[in-house]
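Report on the following structure.
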Amino acid sequence: MRTLRLARVAAEAEGLRLRYAAQRTVTRAVLGMIAFALFLGALIFFHIALWYWLRRTFDRPPTALIIGGAELVLAAILGLIAAKSSPGRIEAEALQIRRRALENASSGMAVSALATQLVPLAIRLMRRR
């Protein structure tokens, strides 16, 4: 009975860990897409700035360069946040609980498997006396 309870605890811990891992993955994907869109915007503004610089004097390009630079910095920050996202405290604890429960369940199953092997042997030895 204890083995089943430990297996259930392990399954619940794994479910919790997977749920939080999925949430983190979705967050990373959304931040990555936003960073990519901002990066494309920054490239467009840099092209506009270059075009203005080549076409006219320096009065309009700084505006496009400032906008493009700000988007590039924001894209870099969001990209770094998305890349450095790691498992949270709850995910790590759920993983530890799952591992412990599975270790205890497997050791409990090993003892019961050993007992099922030893019981017939013990019965045979008792009959011989």
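The values are calculated or read from the model by the stated rules, or taken from the named source; none is laboratory data. All values reported here derive from a predicted model rather than from experimental measurement. SASA here: full protein model, heavy atoms, side chains in, ligands and nucleic acids out. Shrake-Rupley method; radii C 1.70, N 1.55, O 1.52, S 1.80 Å.
Numbers below:
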{"item": "For segment 11-24, 3J(HN,Hα) per residue [Karplus equation, 6.51 cos²θ - 1.76 cosθ + 1.60, θ = phi - 60°, Hz, x = Gly/Pro]", "result": "5, 5, 5, 5, x, 5, 4, 5, 5, 5, 5, 5, 4, 5"}
{"item": "Ile66 - accessible surface, heavy atoms, 1.4 Å probe, Å² rounded to 10", "result": "120"}
